[in-house]
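Below is one structure, written out as structure tokens; comments come after it.
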Amino acid sequence: MKKIAIAFVLATLTTSAFAVPETFNIDPAHTAPRFEYSHFGYSNQLHRFDKTSGKIVLDREARTGSVDITIDAKSVNTGYPLFNEHIQDADFFATATYPTITFKSTAVKFDGDKPVSVEGNLTVKGITKPVTLTVTSFQAMPHPMLKKDAIGANAVAKIKRSEFNMGKFAPYVSDEVTLIIAMEAVKE
């Protein structure tokens, strides 16, 4: 009986030794934060940011993690340079004063070894509000081209732009905005 107890303790210690957090760097070429809103009820407009950086730390065995993302607000891409400039002015992103948007997690929730939501603080125009990103898909596997471990996820959240001092033209241009994030990251 003593040998079984010792073997159990050793197995537990050995397993714990392998539960190591892994750090992943955002792949800017395959990470696309987007936002969608109703434009006068005619259509839903979908725009994106072209420059994103950050790190994700995951310990899937311990079911813990953190997300720290920075978006270059000046990289907003509507498909039209004049409109890009318009939504960078003081009524919207105010990129001359606030050139970045950040998201810093406070908790990562798991179902098994997969994250299903990320709670955190979103800062836009110097205003920080709690936001929960719902992870709609998650994949962790060796990257077939880079030959390194990688992760990828899609996540969504809804926010009110008026809460970030960006409510001009509401309700004609919807106050509610859907954030849609496609993310890939490669292990350090």
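Values in this text are rule-based calculations from the coordinates and carry no lab data. Every value quoted in this text rests on a predicted model; they were computed, and no experiment measured them. Glycine gets a Cβ as well: all are built from the backbone with ideal geometry, and neighbour counts include every protein chain shown.
In which sequence would Phe24, Phe35 go, from the one with the fewest C-beta neighbours within 10 Å to the one with the most?
Starting with the residue having the fewest Cβ neighbours, the order is Phe35, Phe24.
Using the Karplus curve 6.51 cos²θ - 1.76 cosθ + 1.60 with θ = phi - 60°, what ³J(HN,Hα) values do you get for each residue of segment 118-129, in whole Hz, with x for Gly and Pro?
Whole-Hz 3J(HN,Hα) from phi for segment 118-129: 10, 8, x, 10, 9, 10, 10, 6, x, 9, 10, 9.
In debye to the nearest 20, how big a dipole does segment 20-187 give about its Cα centre with +1 on each Lys and Arg Cβ and -1 on each Asp and Glu Cβ?
Computed about the Cα centre, the dipole is about 80 debye.
Once the dipole of the chain is set up with Lys and Arg at +1 and Asp and Glu at -1 on Cβ about the Cα centre, which of Ser38, Thr64, Ala182 lies farthest towards its positive end?
Comparing the listed Cα positions along the dipole, Thr64 ranks first.
When each pair of different Cα atoms in segment 51-147 is counted once in the 1/r mean, what is the Kirkwood radius in angstroms, to one decimal?
For segment 51-147, the Kirkwood estimate is 15.3 Å.
Based only on other Cβ atoms within 10 Å, what is the fewest-to-most ordering of Leu82, Leu122, Leu146?
Leu82, Leu146, Leu122
Take the Cβ-Cβ distance between Asp91 and Glu188 as r, set R0 to 30 Å, and report the resulting FRET efficiency rounded to the nearest 0.05.
Approximately 0.15, to the nearest 0.05.
For a quick check: with amide H placed at 1.01 Å from N, whose amide H comes under 5 Å from Asp149's, ignoring anything fewer than 5 positions away on the same chain?
His143, Lys187
Output ³J(HN,Hα) for segment 26-38: one whole-Hz value per residue in order, computed from phi by the Karplus curve 6.51 cos²θ - 1.76 cosθ + 1.60 with θ = phi - 60°, and x for Gly and Pro.
For segment 26-38, the Karplus-derived couplings read 4, 8, x, 6, 10, 10, 9, x, 10, 9, 10, 8, 7 Hz, x marking Gly and Pro.
Can you list the residues, at least 5 places off or on another chain, whose amide H is less than 5 Å from the amide H of Ala94, using H built in the peptide plane?
Correct list: Asp89.
What does the extension gain come out to for Thr78 and Ala170, with contour length at 0.36 nm per residue minus their alpha carbon separation?
31.2 nm
Computed FRET efficiency, Cβ-Cβ of Asn154 and Ala62, R0 25 Å: what is it to the nearest 0.05?
The pair Asn154/Ala62 has a calculated efficiency of 0.60.
Among the listed pairs Lys109/Lys147; Lys109/Lys148; Lys125/Lys148, give every one whose C-alpha distance is greater than 32 Å.
Pairs exceeding the cut-off: Lys125/Lys148.
How much net charge surrounds Ala32 when only other residues with a Cβ under 11 Å from its Cβ are counted (Lys, Arg +1; Asp, Glu -1)?
Once positives and negatives cancel, what remains is 0.
Which ³J(HN,Hα) values in Hz, rounded to whole numbers, follow from the phi angles of segment 70-85 under the Karplus curve 6.51 cos²θ - 1.76 cosθ + 1.60, where θ = phi - 60° and Gly and Pro get x?
Each residue of segment 70-85 in turn: 10, 10, 6, 5, 6, 8, 4, 10, 9, x, 9, x, 5, 6, 4, 5 Hz.
Helix-only mean residue ellipticity at 222 nm, the chain, DSSP H runs n ≥ 4 weighted -39,500 (n - 2.57), per residue, nearest 500. What is it?
-4000 deg cm²/dmol
Tell me which label goes with the value of Rg/Rh (Cα atoms, Kirkwood Rh) computed from the coordinates here: (i) 0.97; (ii) 0.93; (iii) 1.10.
Here Rg/Rh (Cα atoms, Kirkwood Rh) agrees with entry (iii).
Amide H of Thr64: which non-local residues (sequence gap of 5 or more, or other chain) have their own amide H closer than 5 Å, using H built in the peptide plane?
So Thr64 has HN proximity to Asp59.
For the cross-link pairs Lys129/Lys168; Lys51/Lys160; Lys104/Lys129, which exceed 21 Å when the distance is taken from alpha carbon to alpha carbon?
From Lys129/Lys168; Lys51/Lys160; Lys104/Lys129, over 21 Å: Lys51/Lys160.
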